[in-house]
Amino acid sequence: MERLPGFRDFYPEPLPHADVGSADARQFIFQKWRDVARRYNFREYDGPPLEPLELFTTKSGDEIVGQLYNFTDKGSRAVALRPEMTPTLARMAAAHERRFKKPIKWFAVPQLFRYERQQRGRLREHFQFNADILGETGPAADAELIALLIDALRSFGLTARDFVVRLSSRNAWHEFYEGRRSKSGGRADHAHEYNFFQTIDKLERAPPEESDKKLDALGFSMAEVSQFIESGKPTAELETILQNLAARGLSDFVKVDYHVVRGLAYYTGAVFEAFDARGEFRALAGGGRYDNLVKLISGGKVDLPALGFGMGDVVLLELLRARRLLPRFDSATDVFVLIEDEGLRPQSLRLVQDLRTAGYAVEYPFTATRPDKQFKRAQELNATRTARLENADYVRIRDLKTRQEIVAGVADAANHLK
Ligand code: HAM
């Protein structure tokens, strides 16, 4: 039986094959994400991986709806595996909005599912670090989130030479769109505008003829769009965000780039995406303001401005591998308890138990095993030390690196390991 295409198995290191996921690398990434979220004072939340289909169909836009893993459950409910976290967050925040002091600063590390076309950097499941701020309208919150995004990437050892945050604005694009539309006498049409945003979003990835055709059909020319992108004039709001980041010493990590507009439908203000600096990989992260989503999802009951970003583990891993920034993941055996005298097995098990209670990672042979085999196993596990009972009262502890040995009272063994 093979796993489904686009899904990963996560093995402990050393990996049995180059084509499998690493549970150690995954844990390493999660820890960094959680640590940087803690430093920025974000609290962790989570929601169900399966949601009512409707949560995603009306708010996220066609692109994500086309990639949904959805089905009818045994209770005849239309359900979907979550393709993103933001609608769930909006639902959760709206449900108990009055109970939370604003601004709400929350993060999550969900596994998400999208039936994507198979390509490098895009799988059918991925983990995503989500950080969002709710209840704050000012650009200080946008800057705070971008700083968090930068620090999350820096915590892996990535520098301004490795990545860049491209900052843009749906407002700027909206103005551009409205300006041209009113000149040509077209009617205001939300779906039309979203189509236009999606075409801009794909500009760098789609063949130029295709984008040309689409823009033309929407009543725009590639020349005017290119000119707008190249002018790259930051809006007043983007200026404020840039100044805030400059005050933190983070200017080197951001640049205004109107190529970015974001594919999801709900964004309303500043938007941004992080990319590797050489442009070799797909986006590392993306996000922005979505001031109307909570209102939409709560049926107009709760009006909360919001903004956030998601950073996936797939492209991040590719980049960390390419820059050789992943540590070696060795097994963490602190002590291998050798049992050479089976008569001492009960006392040895007691020693194993005591050392584990004291917090050490302890291994020992399950069955009677030749001493040389036990020692080999301790070496394979990269154990720091071995411990062998001399008799019921004394234990011989050996440091496998320095080869120093000591004999200690059994009751005192844990202290001698310190
Ligand atoms: P997104 O741009 O769809 O945004 O995804 C964010 C990041 O998740 C991407 O930049 C990419 O690194 C990763 N990602 C997305 N799809 C895949 C995939 N199929 N395989 C591997 N990695 C993937 C959102 O999802 C928004 N909900 C983020 C957000 C949070 N906006 C506001 N708050």
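For a quick check of your reading of the model, give me the residue pairs whose first member lies in the stretch 342-357 and is touching a residue at least 12 places away in the same chain (Cβ under 8 Å), whose second is among the aromatic types (F, W, Y), with beta-carbon atoms closer than 6 Å and at least 6 apart or on different chains.
Note: pairs meeting the criteria are V352/Y364.
Listed here are the residues, each with its yes/no results for (1) within 15 Å of the ligand (Cβ to nearest atom); (2) at pLDDT 95 or above; (3) within 16 Å of T88 (Cα to Cα).
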residue: L250; (1), (2), (3): no, yes, no
residue: F272; (1), (2), (3): yes, yes, no
residue: G279; (1), (2), (3): yes, no, no
residue: A285; (1), (2), (3): yes, yes, no
residue: D291; (1), (2), (3): yes, yes, yes
residue: L316; (1), (2), (3): yes, yes, no
residue: L325; (1), (2), (3): no, yes, no
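Across the stretch 3-56, what is the number of residues that are acidic (D, E), open to solvent by less than 90 Å² (accessible area, probe 1.4 Å) and within 14 Å of the chain's Cα centre (by Cα)? Steps first, please.
Narrowing the stretch 3-56 to residues acidic (D, E): 9, 13, 19, 24, 35, 44, 46, 51, 54.
Next cut, open to solvent by less than 90 Å² (accessible area, probe 1.4 Å) only: 9, 13, 24, 35, 51.
With the extra rule that they be within 14 Å of the chain's Cα centre (by Cα), the set shrinks to 35.
Residues flagged as acidic (D, E), open to solvent by less than 90 Å² (accessible area, probe 1.4 Å) and within 14 Å of the chain's Cα centre (by Cα) within the stretch 3-56 amount to 1.
Sort out for me the strands (runs of 3 or more DSSP E) sitting completely within the stretch 310-418 that have 3 or more residues that are surrounded by fewer than 18 Cβ atoms within 10 Å (Cβ to Cβ). Even if it seems obvious, please write down each step before you answer.
Working: elements: 335-338, 385-389, 394-399, 405-409.
Strands (runs of 3 or more DSSP E) meeting the threshold: 394-399, 405-409.
Conditions tested, residue by residue: (1) closer than 30 Å to R161 by Cβ; (2) surrounded by fewer than 20 Cβ atoms within 10 Å (Cβ to Cβ); (3) of a type in the set (K, R); (4) in contact with a strand residue (DSSP E or B) (Cβ under 6 Å, 6 or more places away or on another chain).
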{"residue": "A274", "(1), (2), (3), (4)": "yes, no, no, yes"}
{"residue": "G287", "(1), (2), (3), (4)": "yes, no, no, yes"}
{"residue": "Y290", "(1), (2), (3), (4)": "no, no, no, yes"}
{"residue": "L296", "(1), (2), (3), (4)": "no, yes, no, no"}
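Looking at I241 and the list (1) part of a loop (DSSP other than H, G, I, E, B); (2) in contact (Cβ under 8 Å) with a residue 60 or more places away in the chain; (3) within 16 Å of the ligand (Cβ to nearest atom), which single condition is not satisfied?
(1)
The conditions are (1) open to solvent by 20 Å² or more (accessible area, probe 1.4 Å); (2) more than 23 Å from G263 (Cα to Cα), and I104 fails exactly one of them. Which is it?
Among (1) open to solvent by 20 Å² or more (accessible area, probe 1.4 Å); (2) more than 23 Å from G263 (Cα to Cα), the lone unmet condition for I104 is (1).
For residues in the stretch 74-91 being farther than 19 Å from G288 by Cα and open to solvent by 40 Å² or more (accessible area, probe 1.4 Å), which is nearest to the ligand (Cβ to nearest atom)?
Restricting to residues being farther than 19 Å from G288 by Cα and open to solvent by 40 Å² or more (accessible area, probe 1.4 Å), the top hit is L81.
The values are calculated or read from the model by the stated rules, or taken from the named source; none is laboratory data. Computed from a predicted model, the values in this text were never measured in an experiment. Note that we place each Cβ from the backbone using ideal geometry, even for glycine, and neighbour counts take in every protein chain shown. Note: areas computed on protein heavy atoms with side chains; ligands, DNA, RNA excluded. Shrake-Rupley method; radii C 1.70, N 1.55, O 1.52, S 1.80 Å.
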